[in-house]
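**Student:** A single structure is presented below for examination.
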Amino acid sequence: MLIGVVGKANVGKSTFFKAATLAPAEIGPHPFVTIKPNRAIAYVKTKCPCTELKIKCNPKNSPCIDGNRFVPFEILDVAGLIPGAHLGKGLGNKFLDDLRQADCLIHVLDAAGATDEKGNPVAPGTRNPAEDLVFLNEEFDFWLQDILMNHFKKKHNQPISAKQVEEVLSGLKIKKEHILNAEKTSKLKISNITKWKDEQFLEFAIALRIESKPMVFAANKCDIGIARENVKKLKERFPIYSFIPTSAESELVLREATEKKLIKYIPGDSDFEIIGELTEKQKQALDFVKEKVLKILGNTGVQECINKAVFDLMKCIVVFPVEDENKLTNKEGNILPDAYILPKDSTALDLAYKIHTDIGEKFIGAIDCRTKRKIGKDTKLKNGDIIKILTGK
């Protein structure tokens, strides 16, 4: 599973990425700071069963902090986009190509309107962030339209199936179900695709983008008052989208202070505790975050965006595999050692293959460790399940 962090140049994408991962990423107040895509591990936050079961876990692949389990997944920060990207302007072709493998997108918006269309700094309130939302969607749509037209306008009225469209778009992680849903939404028949007009290709591309690349909007720079007003306007104008007030810079301050053991902070929380000696500059920075962000917004928005993308847009679940169904341990005796993110409707067999191909191939059944009931390969798993995989020789 891969989430792409997208947006116009200089809106705080790389700050968001660094805050979510603490991976090194260059940050600067000018366009095209990010040229090569940055790829790192971020974490979705979920409840650990250790609290419910009143046991102490020993996590291996996913840290547990005060009953909060942080489960890893990959996140990608790509080059900033400018209008005309699908025509190759700026780093547009690279931006779009880098996003081929993304399952979901977090679109970082400059909600304060403090960057022009090319990503140059301007006074807050100068630009309407809605324009950035529209143009990025349009660039993606035009790109998909071009791909579809280049392949199917040349077929000279041959009947085309959804399977053939899937083969053309497979490199973009677009599946047959996405194509069929887009066909239904757009009310355009795939079988007639060679007869479509340009505007019909675009209409289908829009529906396909919505189906295959779900998006949450990180309304960034919400430590500035005008940004919060703009978020209200965005929600009114685009009710189908999720806008999360965000201050990526504040989250980065909190995570770096946590790493230096100056504060105790759990990502996504509404407060933090000072546990180390602070310089006056550090104290001022943390006071600003507390007063201007946490007390007003409730949290910095970064973890909320990640959780929204994983659980709501991609509808994933988190499952905890163990080897001893009674002690809930692995063979080394670690309690609840691992947690895995799986797509909704994943089965016990899917979990087995996620752990290791050999385990999947030797799968003969599984045990639901809460009920101690044996389950089969087709049993759909639920969020928070604790599962023991049974294998044969």
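**Student:** For the range 334-356, name all the residues that are over 23 Å from the mean Cα position of the chain (by Cα) and touching a residue at least 24 places away in the same chain (Cβ under 8 Å).
**Tutor:** Selection gives 334, 335, 336, 337, 348, 349, 352.
**Student:** Also, I was wondering about something else. Condition test on residue 331, is it of a type outside the set (A, V, I, L, M, F, W, C) and assigned by TED's automatic domain parsing to the domain that holds residue 4?
**Tutor:** On the way: of a type outside the set (A, V, I, L, M, F, W, C): yes; assigned by TED's automatic domain parsing to the domain that holds residue 4: no.
No.
**Student:** May I pose another question? Looking only at the range 338-349, decide whether some residue is assigned to a loop (DSSP other than H, G, I, E, B), among the small types (Gly, Ala, Ser) and surrounded by 18 or more Cβ atoms within 10 Å (Cβ to Cβ).
**Tutor:** Start the filter on the range 338-349 by keeping residues that are assigned to a loop (DSSP other than H, G, I, E, B), which leaves 338-339, 344-346.
Next, only the ones that are among the small types (Gly, Ala, Ser) stay: 339, 346.
Remaining after also requiring surrounded by 18 or more Cβ atoms within 10 Å (Cβ to Cβ): 339, 346.
Looking through the range 338-349, at least one residue is assigned to a loop (DSSP other than H, G, I, E, B), among the small types (Gly, Ala, Ser) and surrounded by 18 or more Cβ atoms within 10 Å (Cβ to Cβ).
**Student:** Only one residue in 252, 349, 278 is over 26 Å from residue 50 (Cβ atoms), out of contact with any Leu (no Cβ under 9 Å at 6 or more places or on another chain) and not basic (Lys, Arg), so which one is that?
**Tutor:** Working: 252 fails: out of contact with any Leu (no Cβ under 9 Å at 6 or more places or on another chain); 278 fails: out of contact with any Leu (no Cβ under 9 Å at 6 or more places or on another chain).
The unique qualifying residue is 349.
**Student:** I've got another one for you. Which numbered condition trips up residue 216, out of (1) surrounded by 20 or more Cβ atoms within 10 Å (Cβ to Cβ); (2) in contact with an Asp or Glu (Cβ under 9 Å, 6 or more places away or on another chain); (3) closer than 18 Å to residue 160 by Cα?
**Tutor:** (3)
**Student:** Also, quick follow-up: If residue 271 satisfies every condition in (1) within 22 Å of residue 77 (Cβ to Cβ); (2) among the acidic types (Asp, Glu); (3) surrounded by fewer than 14 Cβ atoms within 10 Å (Cβ to Cβ) but one, which is the exception?
**Tutor:** All conditions pass for residue 271, except number (1).
**Student:** Continuing with this model, one more query. Step by step: first the residues of the range 305-317, then only those that are in contact with a helix residue (DSSP H, G or I) (Cβ under 9 Å, 6 or more places away or on another chain) and aliphatic (A, V, I, L, M), then the one that is nearest to residue 344 (Cα to Cα). Which residue is that? Spell out the reasoning first.
**Tutor:** Looking only at the range 305-317, we keep the residues that are in contact with a helix residue (DSSP H, G or I) (Cβ under 9 Å, 6 or more places away or on another chain), and these are 305-306, 316-317.
Next, only the ones that are aliphatic (A, V, I, L, M) stay: 306, 317.
Values: 306: 17, 317: 6 Å.
Here the answer is 317.
**Student:** Another question about this same structure. Does residue 4 satisfy the condition of being buried (at least 21 other Cβ atoms within 10 Å of the Cβ) and modelled with pLDDT of 75 or more?
**Tutor:** Working: buried (at least 21 other Cβ atoms within 10 Å of the Cβ): yes; modelled with pLDDT of 75 or more: yes.
So residue 4 fits the description; yes.
**Student:** Which residue out of 235, 292, 283 is among the basic types (Lys, Arg), part of a helix (DSSP H, G or I) and in contact with an Asp or Glu (Cβ under 8 Å, 6 or more places away or on another chain)? Spell out how you get there, then give the answer.
**Tutor:** Values: 235 fails: in contact with an Asp or Glu (Cβ under 8 Å, 6 or more places away or on another chain); 283 fails: in contact with an Asp or Glu (Cβ under 8 Å, 6 or more places away or on another chain).
Checking each option against the conditions leaves just 292.
**Student:** Let me ask something else about it. Restricting attention to the range 245-262, which residues are surrounded by 21 or more Cβ atoms within 10 Å (Cβ to Cβ), more than 14 Å from residue 295 (Cα to Cα) and in contact with a strand residue (DSSP E or B) (Cβ under 8 Å, 6 or more places away or on another chain)?
**Tutor:** Once the filter is applied, which keeps residues that are surrounded by 21 or more Cβ atoms within 10 Å (Cβ to Cβ), more than 14 Å from residue 295 (Cα to Cα) and in contact with a strand residue (DSSP E or B) (Cβ under 8 Å, 6 or more places away or on another chain), the range 245-262 yields 248, 254, 257.
**Student:** Identify, please: which residue in the range 286-333 is farther than 30 Å from residue 355 by Cβ and crowded, with 18+ Cβ neighbours inside 10 Å and is, among those, farthest from the chain's Cα centre (by Cα)?
**Tutor:** Filtering the range 286-333 down to residues farther than 30 Å from residue 355 by Cβ leaves 286-301.
In the following step, the residues that additionally are crowded, with 18+ Cβ neighbours inside 10 Å were identified as 286, 289, 293-294, 297, 299-301.
Values: 286: 27, 289: 24, 293: 22, 294: 22, 297: 21, 299: 18, 300: 16, 301: 13 Å.
By that ranking, first place goes to 286.
**Student:** Right, next: Select from the range 63-79 the residues that are at pLDDT 95 or above and among the small types (Gly, Ala, Ser) and list them in ascending order.
**Tutor:** Correct list: 67 only.
**Student:** Here is a check on your reading of the model: is residue 269 under 20 Å from residue 380 (Cα atoms) and assigned to a loop (DSSP other than H, G, I, E, B)?
**Tutor:** Taking the combined requirement at face value, the residue does not satisfy it.
**Student:** Yes or no: residue 218 within 30 Å of residue 311 (Cβ to Cβ), aliphatic (A, V, I, L, M), under 22 Å from the mean Cα position of the chain (by Cα) and not in a helix (DSSP H, G or I)?
**Tutor:** Taking the combined requirement at face value, the residue satisfies it.
The values are calculated or read from the model by the stated rules, or taken from the named source; none is laboratory data. The structure presented is a predicted model; accordingly, all values stated were derived computationally and were not measured. We place every Cβ from the backbone using ideal geometry, glycine too, and count neighbours over all the protein chains shown.
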